[in-house]
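Please read the structure below before turning to the comments.
The values are calculated or read from the model by the stated rules, or taken from the named source; none is laboratory data. Just so it is clear, the structure is predicted and the values come from calculations on it, not from any experiment. Quick reminder, even Gly has a Cβ in these numbers, built from the backbone with ideal geometry, and neighbours come from all protein chains shown. Note: accessible area is taken over every heavy atom of the protein model, side chains too, but ligands, DNA and RNA are not part of it. Shrake-Rupley method; radii C 1.70, N 1.55, O 1.52, S 1.80 Å.
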Amino acid sequence: MPRKLPYREGQAFEVTMGNGNIGIGVIARMAPKGKLLLGYFFRPNDEAPDRVLASLRPSDAVMVGMFGDLHLFDGKWKVIGYLPDWDRSR
């Protein structure tokens, strides 16, 4: 039986950086069965997660890149929510 993916496009997650700060990643695209993702990555922010998610725009990303989903499964990257106005075409 196929596993249920713990994420979807538009989902945001915390990324612990090498210096201990917490950045935010957003899944922009994903392969049909998961595993390979494209995401936007943003600088750490001290605001509440719901406020931060509402203000994230692709043009503000400090990095755009492809990555695997292992840390979304093993809990190293904590899912923090879904972008409220996510639109794949943007």
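State which residue is nearest to Leu53 (Cα to Cα) when the search covers only segment 4-28 and only residues that are open to solvent by 70 Å² or more (accessible area, probe 1.4 Å) and in contact (Cβ under 8 Å) with a residue 24 or more places away in the chain. So the residue we want is Arg8. Residues in segment 51-90 that are in a helix (DSSP H, G or I), open to solvent by less than 90 Å² (accessible area, probe 1.4 Å) and hydroxyl-bearing (Ser, Thr, Tyr): Ser55 only. Can you find a residue in segment 67-89 that is without any contact (Cβ under 8 Å) to a residue 24 or more places away in the chain, touching a strand residue (DSSP E or B) at 6+ places or on another chain (Cβ under 7 Å) and of a type outside the set (A, V, I, L, M)? Within segment 67-89, none of the residues are without any contact (Cβ under 8 Å) to a residue 24 or more places away in the chain, touching a strand residue (DSSP E or B) at 6+ places or on another chain (Cβ under 7 Å) and of a type outside the set (A, V, I, L, M).
Could you check, for segment 69-81, whether at least one of its residues is of a type outside the set (D, E, K, R) and at pLDDT below 90? Yes, segment 69-81 contains a residue that is of a type outside the set (D, E, K, R) and at pLDDT below 90.
The condition (being aliphatic (A, V, I, L, M) and more than 16 Å from Arg90 (Cα to Cα)) is satisfied by just one residue among Leu72, Leu53, Leu38: Leu72.
On the stretch given as segment 18-34, residues that are among the small types (Gly, Ala, Ser), farther than 13 Å from Leu72 by Cα and not in a loop (DSSP other than H, G, I, E, B) total 2.
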